[in-house]
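Coordinate-derived values only; no laboratory data. Predicted, not measured: the structure shown is a model, and the values here were computed from it. Neighbour counts run over all protein chains shown; Cβ positions are idealised from the backbone, glycine included.
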Amino acid sequence: MLGERIRQARLLAGLTQDALATALTNAGYPATKAVISKYEKNKSSPSAQLLLLAASILNVPASYFTHEPTSEVNWLAFRRRSSLPAHEQEAIKAYAADIAELQIELQSLLYPDSILNLPNTVTVETAKDAEQAALRLRERWELDDNPIDNLVQTAEEHLVVVVGWRKHAGEFDGLSGWCNQQYPVTVISTVVDVDRRRFTLAHELGHLVMDTRSVPDKEAEKLAHRFAAALLVPAERAVYELGTRRTQLDWEELKILKRKYGFSLAAWIYRAKDLGIITEHHAANLYQAMGERGWRKQEPVDYVRDEMPLKLEQMAHRATAEGLISPDQIRRVYPEWTEDDVTRSGRFTIYDLLALPEDEQKKIMNDAFAAAAKEDYEIFGANEILEENKGMA
């Protein structure tokens, strides 16, 4: 297990075995690629000094190496370019599994009565099935047919784990699966345009609520695309905005609709074609025009919203502020998380105390009791409290 954690931290840092060995050597600990390989395959045990140096180089706490995940994610779909190396794909999965485990732990700790709010999975074989599945999710989340201002935070509020991945722009889009067979997990790229993030998350939600095992993989991806489009812009809403039949779509009109729905120009064209609002020929002409204007790579208007996962950050700060979990427990899974100044300089939790040597624990406890003995406390009797309450009534 130790070897796997070393490998995982190295991959997350974007280093090869050679690069890690060189960094260790430069830091005063001679190492080779062969040595790192043996450590990662658990064929040799690294020293404490090496682990400390490696933790510093890889920007993780030393405790990251000894953390043993207790959760397992069954991944359903992985949208990425073929150019993304297999080891990078594994790094994304490993990171997402770690984050999912931590988020689920915090969710159970802070919101023990929360219940997953996703509709039951249904068999989907046709575009019509996908449209209906999207409407079922909208109904379950009480979204009506209005634009969804922030899809990421909407999903998080309904207990979907949304993990942001900050690397591999253009090579990685999304990933989805189930943690321990009961918690939905999605991973989206946060280094792409906001409208693309939204569509990717909608697509991955489709994989979570649709059973497309009866159709080929390529068709299943098309159905997830159709689900995403229907979730972000229901058919009735598209007809309301565009009309039932058009011979021409106006670019300024589409720009406004993108800003309103967080749905790209290209997606609006495709949606209009799918719903029979425009012909395939007209859609092809519009796509050609987008290419000629350079809009296929960068559209002329942006959807200005946040669309970043926030739930984990919020829960981590709350849990550490209340002393329910130690900062080190957070960082051993989520290395980039940092406390704010108030948390660092304020509360000293029981976890911080237990992490110290026994003699330091005793000193801190003695100092605390000594300080408490100097404080003046006003003692209220029951009658005094009752009288005070009467006066406030």
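Taking a cut-off of 21 Å, what percent of all Cα-Cα pairs in the stretch 49-115 are separated by more than that?
45
Taking only C-alpha pairs under 8 Å that are 6+ residues apart, what is the relative contact order of the chain in percent?
RCO, the chain: 17 percent.
Note down the relative contact order for the stretch 73-170 as a percent, whole number, built from C-alpha pairs under 8 angstrom at least six residues apart. Intermediate results must be reported in sequence, preceding the final value.
Numbers: 36 pairs, mean separation 32.7, N = 98.
The value is 33 percent.
In the chain, once you exclude exposed trypsin sites (Lys or Arg not before Pro) (DSSP loop, at most 12 other Cβ within 10 angstrom), what's the longest stretch remaining?
82-165
Average projected area of the Cα convex hull of the chain, in nm²?
Seen from a random direction, the Cα hull of the chain projects 28.8 nm² on average.
Taking only Cα atoms and a 10 Å spring cutoff, compute GNM fluctuations for the chain and point out the largest among Ala48, Ala319, Ala96.
Ala48
Specify whether the C-alpha gyration tensor of the stretch 73-292 places it in the rounded, prolate or oblate class, a ≥ b ≥ c being the square roots of the eigenvalues: rounded for a/c under 1.5, otherwise prolate if a/b is larger than b/c and oblate if not.
Prolate, since a/c reaches 1.5 and a/b exceeds b/c.
Taking amide H positions as placed in the peptide plane 1.01 Å from N, state which residues far from Arg79 in sequence (5 or more) or on other chains have amide H under 5 Å from it.
Long-range HN contacts for Arg79: Asp173, Gly174, Leu175.
List, in the order given, every pair from Lys255/Lys311; Lys93/Lys260; Lys167/Lys218; Lys260/Lys297 whose Cα-Cα distance in the structure shown is over 29 Å.
Values: Lys255/Lys311 31 Å; Lys93/Lys260 33 Å; Lys167/Lys218 25 Å; Lys260/Lys297 21 Å.
Table pairs above 29 Å Cα-Cα are Lys255/Lys311; Lys93/Lys260.
Semi-axes of the stretch 162-276's equivalent ellipsoid from the Cα gyration tensor, sqrt of 5 times each eigenvalue, largest first, rounded to whole Å? All intermediate terms of the calculation are to be shown ahead of the outcome.
Working: eigenvalues 147, 62, 26 Å².
Each semi-axis is the square root of five times an eigenvalue, giving 27, 18, 11 Å.
Out of the DSSP beta bridges found with both residues in the stretch 113-235, what percent are antiparallel (nearest 5)?
For the stretch 113-235, the DSSP antiparallel bridge percentage is about 45.
For the chain, what is the charge dipole size about the Cα centre, in debye to the nearest 20, if Lys and Arg each add +1 at the Cβ and Asp and Glu each add -1 at the Cβ?
Dipole size: approximately 1900 debye.
In a GNM of the chain with a 10 Å cut-off on Cα contacts, which of Gly164, Gly262, Gly291 has the highest mean-square fluctuation?
The residue with the greatest mean-square fluctuation here is Gly291.
Where does the longest stretch of the chain lie that holds no GluC sites (Glu not before Pro) found in a DSSP loop with 16 or fewer other Cβ atoms within 10 Å? If you can, show how the numbers build up before the last one.
Details: sites that count: Glu72, Glu125, Glu142, Glu171, Glu322, Glu336, Glu339, Glu375, Glu378.
Segment 172-321 is the longest.
Let me have the relative contact order for the stretch 2-66, percent, based on Cα pairs under 8 Å that are six or more residues apart.
Answer for the stretch 2-66 is 41 percent.
Per-residue ellipticity at 222 nm for the chain, helices alone: DSSP H runs ≥ 4 residues times -39500 (n - 2.57), over residue total, nearest 500 deg cm²/dmol?
Per the formula, -16500 deg cm²/dmol.
Taking the DSSP beta bridges in the chain as the whole, what percent of them are antiparallel, to the nearest 5?
65
With the convex hull built on the Cα atoms of the stretch 2-66, state its orientation-averaged projected area in nm². Walk me through the intermediate numbers first.
Numbers: hull surface 13.9 nm².
Seen from a random direction, the Cα hull of the stretch 2-66 projects 3.5 nm² on average.
Of Ile115, Ile92, Ile256, which has the largest mean-square fluctuation in a 10 Å C-alpha GNM of the chain?
Ile115
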